[in-house]
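Let me begin by presenting the structure, written as structure tokens, before commenting on it.
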Amino acid sequence: MATNNDKPRIVVIGCGFGGLEATRALDGAQVDITLVDRTNHHLFQPLLYQVATAGLSAPAIAAPVRHLFRKQANVTSLLGDVVSIDAAARNVRLSDGNTLPYDHLIVAAGATHSYFGRDEWAVHAPGLKTLHDAFEIRRRILLAFEMAEKEGEPARRDECLTFVVIGGGPTGVEMAGTLAEIARHTLPGEFRHIDPAKARILLVEGSPRVLQAMPESLSASAQRQLEKLHVEVRTASLVTAIDEHGLEVTPPEGAPYRIGSRCIVWAAGVAASPLGRQLAQAVGAQVDRAGRVVVEPDLSVPGHPEISVIGDLAAAKSHAPGREPRPVPGVSPGAKQMGRCAAANIQRRIAGQPTKPFRYRDYGNLATIGRNSAVVDLATPAGPLRFSGWLAWVFWLFAHIYFLIGFRNRIVVLIDWASAYWSKQRYARVVTDIEPRQ
Ligand SMILES: Cc1cc2nc3c(=O)[nH]c(=O)nc-3n(C[C@H](O)[C@H](O)[C@H](O)COP(=O)(O)OP(=O)(O)OC[C@H]3O[C@@H](n4cnc5c(N)ncnc54)[C@H](O)[C@@H]3O)c2cc1C
């Protein structure tokens, strides 16, 4: 593929939080950037569950990559699926056979679902990572109610009206809370043979508490808020089987039991993009258990200073002066900060200067449970600031609107949320494929 050879060529793989931020940080630099992504949009994953639960439409949380970089003259945006990286030849190969030569490479291909070796579960319990996943989950949720309305046999009807979310992290908590709201607030009055408010929502988590990354007090608050919404929270419970009619759960003591369900959502495991392992094999680098590439303090790959790995694909550590290096969590601020650091280090390398180690600034954690309920754990110079309930929910709401990409998206989301708050409706309830797929 033709490029301008006068300037250093930078290839950025992935336009998620890390790739987007790295590319933006190189605005105005005398470099030639090729930004390649297998989708044509940047996706704001923290609000993906809203698309999966019919609260927002896809364009409200996704922005076309080409449009985002229309004014940044040093960027060429390409739609392409990277299948391999040839570190010796310094090029990146796409699935269509094209190759992209580079002088500096930033790999920001993110993560995917992990079913802990039980990939056959994916068909029965889709995970939430892409817009495609969100559409599929939304389809299953809405069709489960439709199936229940037609089902005359009580046991099978109950199966249709039982929704299970596996994984009690932020995504699982958000999904379960919103499912409860759909059942209790959005759908009642619309069906003639079922009462949607009687739907069971279960949240199954393997560890002893939900929101493991948060302090215990906030986990307990989140669980209380979920239970107030009539979500049945089953902690310390391992999922040991999943099929098209439900799942088997094994508690720490006692016999495994079965839950019949036609709609199961997987929010339990994350693994690095397969590109990480391919790169690690090509350059002899290490990967951790989740398949993330172990990087140097400056985010480069050992022995290849011209390749940086960032975001969810990197097993990176934060190097704060005077402190032990600490692992960086797989969250969007981590990816964005790594993006800026990798871009700055590339510019230093080009200028013949030494690179700097990555330092992660942790501003805290947020998770919403549903209408008027959320938990917030902020890191402030005066120590942690923790709160939950309505105030936390308002904080969560404005934080997400602030960080959304694009002015129009912010306005659209604000209007949609305000209207949903007053009407209790979720308007994005269109499904086009009504055939059951399980
Ligand atoms: C449902 C969900 C909710 C979340 N909620 C929060 C939250 O509330 N707060 C928070 O801080 N974090 C949240 N996260 C985590 C956060 O989204 C990630 O940490 C962040 O997206 C990581 O950024 P990244 O750039 O590494 O990867 P991503 O943002 O995932 O971007 C990777 C990009 O690479 C592209 N790509 C992948 N493979 C290839 C390939 N082979 N060729 C070309 N392109 C490729 C993808 O299409 C994608 O655009 C959430 C994640 C999910 C899935």
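The values are calculated or read from the model by the stated rules, or taken from the named source; none is laboratory data. If you're wondering where the values come from, they're calculated on a predicted model, not measured in any experiment. Note: ideal-geometry Cβ built from the backbone for every residue, glycine included; neighbour counts use all protein chains shown. Each accessible area value is taken on the protein alone, full model and side chains, heavy atoms only, with ligands, DNA and RNA left out. Shrake-Rupley method; radii C 1.70, N 1.55, O 1.52, S 1.80 Å.
Does Asp298 count as among the charged types (D, E, K, R) and crowded, with 24+ Cβ neighbours inside 10 Å?
On the way: among the charged types (D, E, K, R): yes; crowded, with 24+ Cβ neighbours inside 10 Å: no.
Criteria not met by Asp298.
Can you find, within the stretch 56-77, the residue that is farthest from Ala418 (Cα to Cα) among those that are over 22 Å from the mean Cα position of the chain (by Cα) and open to solvent by less than 40 Å² (accessible area, probe 1.4 Å)?
Of everything passing the filter in the stretch 56-77, Asn74 is farthest from Ala418 (Cα to Cα).
If the Cβ limit is 7 Å and pairs must be 6+ apart or interchain, which residue in the stretch 125-154 that is under 10 Å from Ala52 (Cα atoms) pairs with which residue that is among the acidic types (Asp, Glu) and more than 16 Å from the ligand (Cβ to nearest atom)?
Arg139/Asp433
Restricting to the stretch 225-240, give me the number of residues that are in a strand (DSSP E or B) and polar (S, T, N, Q). Give the steps one after another, and end with the answer.
Just the residues of the stretch 225-240 that are in a strand (DSSP E or B), to begin with: 231-234, 238-240.
Next, only the ones that are polar (S, T, N, Q) stay: 240.
So the answer is 1.
Among the strands (runs of 3 or more DSSP E) contained in the stretch 328-418, which hold 1 or more residues that are more than 16 Å from the ligand (Cβ to nearest atom) and among the aromatic types (Phe, Trp, Tyr)?
Values: elements: 364-370, 373-380, 383-388.
Strands (runs of 3 or more DSSP E) meeting the threshold: 383-388.
How many of the residues making up the stretch 1-42 are buried (at least 24 other Cβ atoms within 10 Å of the Cβ) and either touching a Ser or Thr at 6+ places or on another chain (Cβ under 7 Å) or of a type in the set (Phe, Trp, Tyr) (or both)?
Number satisfying all stated conditions: 5.
Inspect the stretch 159-179 for any residue being aromatic (Phe, Trp, Tyr) and more than 24 Å from Asp133 (Cα to Cα) and give the result as yes or no. Give the derivation first.
Our first condition is that a residue be aromatic (Phe, Trp, Tyr); within the stretch 159-179, this holds for 163.
Within this subset, residues satisfying the condition of being more than 24 Å from Asp133 (Cα to Cα) are none.
Taking every residue of the stretch 159-179 in turn, none turns out to be aromatic (Phe, Trp, Tyr) and more than 24 Å from Asp133 (Cα to Cα).
May I ask you to list the residues in the stretch 409-438 that are in contact with a strand residue (DSSP E or B) (Cβ under 9 Å, 6 or more places away or on another chain) and open to solvent by 60 Å² or more (accessible area, probe 1.4 Å)?
Step one: filter the stretch 409-438 for residues in contact with a strand residue (DSSP E or B) (Cβ under 9 Å, 6 or more places away or on another chain), giving 409, 438.
Selection gives Gln438 alone.
Among the residues of the stretch 312-327, which ones are open to solvent by less than 10 Å² (accessible area, probe 1.4 Å) and assigned to a loop (DSSP other than H, G, I, E, B)? Reasoning before the result, please.
Looking only at the stretch 312-327, we keep the residues that are open to solvent by less than 10 Å² (accessible area, probe 1.4 Å), and these are 313-314, 316.
Listed by number, the list holds a single entry, Ala316.
Provide a single number: the residues in the stretch 207-221 that are assigned to a helix (DSSP H, G or I) and open to solvent by less than 40 Å² (accessible area, probe 1.4 Å).
Here is the first cut: in the stretch 207-221, the ones assigned to a helix (DSSP H, G or I) are 216-221.
Of the ones still in play, those that are also open to solvent by less than 40 Å² (accessible area, probe 1.4 Å) are 218-219, 221.
The number of residues fulfilling the criteria is 3.
Take the residues in the stretch 101-132 that are part of a strand (DSSP E or B) and away from the ligand (no atom under 11 Å from the Cβ), then tell me which one is nearest to Phe17 (Cα to Cα). Full working, then the answer.
Our first condition is that a residue be part of a strand (DSSP E or B); within the stretch 101-132, this holds for 101, 104-107, 111-113, 127.
Then drop every residue that is not away from the ligand (no atom under 11 Å from the Cβ), which leaves 101, 104-105.
Values: Pro101: 23, His104: 19, Leu105: 16 Å.
Checking each candidate, the answer is Leu105.
For the condition over 21 Å from the mean Cα position of the chain (by Cα), touching a residue at least 40 places away in the same chain (Cβ under 8 Å) and surrounded by 15 or more Cβ atoms within 10 Å (Cβ to Cβ), what is the one hit in Val204, Val293, Val309, Val239?
Working: Val204 fails: over 21 Å from the mean Cα position of the chain (by Cα); Val293 fails: over 21 Å from the mean Cα position of the chain (by Cα); Val309 fails: over 21 Å from the mean Cα position of the chain (by Cα).
It is Val239.
Okay, residues lined up against (1) outside any loop (DSSP other than H, G, I, E, B); (2) β-branched (Val, Ile, Thr):
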site: Ile242; (1), (2): yes, yes
site: Leu247; (1), (2): yes, no
site: Ile259; (1), (2): yes, yes
site: Ile264; (1), (2): yes, yes
site: Leu279; (1), (2): yes, no
site: Ala285; (1), (2): no, no
site: Arg289; (1), (2): no, no
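Give all pairs with beta carbons closer than 8 Å in which a residue from the stretch 43-65 that is more than 18 Å from Leu366 (Cα to Cα) meets a residue that is of a type in the set (D, E, K, R) and not in a helix (DSSP H, G or I); count only pairs at least 6 apart in sequence or on separate chains.
Thr53/Arg426; Ala54/Arg426; Ala54/Arg429; Gly55/Arg426; Val65/Asp37
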